[in-house]
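Novice: Before I ask anything, here is the structure I am working with.
Coordinate-derived values only; no laboratory data. What you see is a predicted model; the values in this text were computed from it and never measured. Neighbour counts are summed over all protein chains in view; Cβ atoms, including those assigned to glycine, are modelled from backbone coordinates with ideal geometry.
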Amino acid sequence: MQHLADSPLAPLTTLRLGGPARRLYEATTTAELVAVVKDADDHGTPLLLIGGGSNLVVGDQGFDGIVVRIATKGHSLGANGLLSADAGVRWDHLVETAVDAGWAGVEFLSGIPGSAGATPIQNVGAYGQEVAETVAMVEVYDRRSGRMELLDPSECGFAYRDSVFKAPENADRYVVLRVHFQLRAEGGASAPVKYAEVARALGVEQGACVPLATARDTVLGLRRAKGMVLDEADHDTWSAGSFFTNPILTEAQFADLVRRAAERLGAEAEPPRYPAGEGLAKTSAAWLIERAGFPKGYGTGPARISTKHTLALTNRGGAKTEDLLSLAREVRDGVREFFGVELVNEPIFVGAVL
């Protein structure tokens, strides 16, 4: 297992930001991964695990402890549609594998950066699909008990961009080692198209099914147009994806948002509303950000809003983490002042505070 001292973390994140790690290891097997985690815990050494680094904001001072880059690569797809992958496998490679083999369930998650092990932690989702719909089992190492465990979906506590792995009481408790996804045979067709934008791009009605390859190609095209498919030459992709989650509001909070929008923007301004459970409404963070005065390309420094996607905060080259955080605070505070809605960051912060 490779070991480097004072190694920069910026190259391991899609934002290309973050100071050095005191020690950096690369674990290429599950045994190596568990061994280095156990050793760190036995010695009381702070530990940071990094997969694809696509949902991570690391502070400029770096991490004074052990960082483990998860580089495990084993995966398989059974005749029954069970797709199993080590935590370090690149997520989009798994989606491509499923689509090519004719299995439905993850096709609308094409192009999302990061690794398989991160998907249940964040309950990764896009275009009306979430991994919670296909996760069959998650293999973890429980740092509290020192044992390997299997968690079924009911034990994962999946919610909107959330899971038991992110709960405060479980902070740093679980190390995801391997994930099993149960895909579906739909005769080469996709799951029903839920997202209006995708339906428009496909030229079909919501609820229709299309060939799997067509669904994947369409989603990849939509994501590229928003700078959401990694490209070294495109600074709009030097981001952590959507920086803020779509707010989930009570009925009273949503009514207040509607009132404020009408007062500030005119009676015709109607905030988007999506189902979010009984007594709740989800609205669009991008809609709020743009109408609070932060359009695409906003900013004058080395950290700016993407020119393609309002929710992405980007490193234009030469930025520091503090540059990004300063922009994020400006956007968050501006939306709060304009609409009375508190935006919540989606990426995980390490040595950084919004």
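Novice: Can you compute the charge dipole magnitude of the stretch 179-287 about its Cα centre, using +1 on each Lys and Arg Cβ and -1 on each Asp and Glu Cβ, nothing else charged? Give it in debye, rounded to the nearest 20.
Specialist: 140 debye
Novice: Oh, and also: For the stretch 39-134, give me the percentage of DSSP beta bridges that are antiparallel, rounded to the nearest 5 percent.
Specialist: 60 percent
Novice: When N counts the residues of the stretch 279-354, how does its alpha-carbon radius of gyration compare numerically with 2.2 N^0.38 Å, as a ratio?
Specialist: 1.09
Novice: Cα convex hull of the stretch 96-234: mean projected area in nm², to one decimal?
Specialist: For the Cα atoms of the stretch 96-234, the hull's average projected area reads 9.3 nm².
Novice: Can you tell me the dipole magnitude for the chain around its Cα centre, using point charges on the Cβ only (Lys, Arg +1; Asp, Glu -1), in Debye to the nearest 20?
Specialist: For the chain, the charge dipole is close to 500 debye.
Novice: Pick from Ala262, Ala116, Ala87: which is most flexible by mean-square fluctuation in a GNM of the chain where alpha carbon atoms under 10 Å apart are linked?
Specialist: Ala262
Novice: Here's another thing I want to ask about it. When the convex hull of the C-alpha atoms of the stretch 21-99 is computed, what volume per residue in Å³ does it have?
Specialist: Spread over its residues, the Cα hull of the stretch 21-99 gives 94 Å³ apiece.
Novice: Ok, one more. What Kirkwood hydrodynamic radius, in Å, does the stretch 36-81 give when the mean of 1/r is taken over all pairs of distinct Cα atoms and then inverted?
Specialist: Hydrodynamic radius (Kirkwood, Cα only) of the stretch 36-81 equals 13.1 Å.
Novice: If I take R0 = 45 Å and measure r between the Cβ atoms of Asp333 and Ser76 in this structure, what FRET efficiency does the formula 1/(1 + (r/R0)^6) give, to the nearest 0.05?
Specialist: 0.40
Novice: For a quick check, take a GNM of the chain with Cα springs below 10 Å and name the residue from Ala79, Ala276, Ala98 with the largest mean-square fluctuation.
Specialist: Ala79
Novice: Please state the shape class of the chain: rounded when a/c is under 1.5, otherwise prolate if a/b exceeds b/c and oblate if not, all from the C-alpha gyration tensor.
Specialist: Since a/c reaches 1.5 but b/c is at least a/b, the shape of the chain is classed as oblate.
Novice: Quick check: residue separation of Asp100 and Ala233 times 0.36 nm, minus the Cα distance between them. What number comes out in nm?
Specialist: 45.1 nm
Novice: Can you bin the stretch 184-297 into rounded, prolate or oblate? Criterion: square roots of the alpha carbon gyration tensor eigenvalues sorted a ≥ b ≥ c, rounded for a/c under 1.5, prolate for a/b above b/c, oblate for the rest.
Specialist: oblate
Novice: For every helix of n ≥ 4 consecutive DSSP H residues, a contribution of -39,500 (n - 2.57) applies; sum these over the chain, divide by its total residues, and give [θ] at 222 nm rounded to the nearest 500 deg cm²/dmol.
Specialist: Counting only the DSSP helices, I get -8000 deg cm²/dmol.
Novice: For the chain, set up a GNM with springs between Cα atoms under 10 Å and report which of Ala215, Ala21, Ala255 has the largest fluctuation.
Specialist: Ala255
Novice: Taking R0 as 25 Å, what FRET efficiency do you get between Ser145 and Thr245 from their Cβ-Cβ distance, rounded to the nearest 0.05?
Specialist: After rounding, the FRET efficiency stands at 0.20.
Novice: Residues in the stretch 301-331 near a label at Leu354, defined as backbone nitrogen under 19 Å from the 7 Å Cα→Cβ point?
Specialist: Only 303-307, 309-316, 320-331 pass the distance filter.
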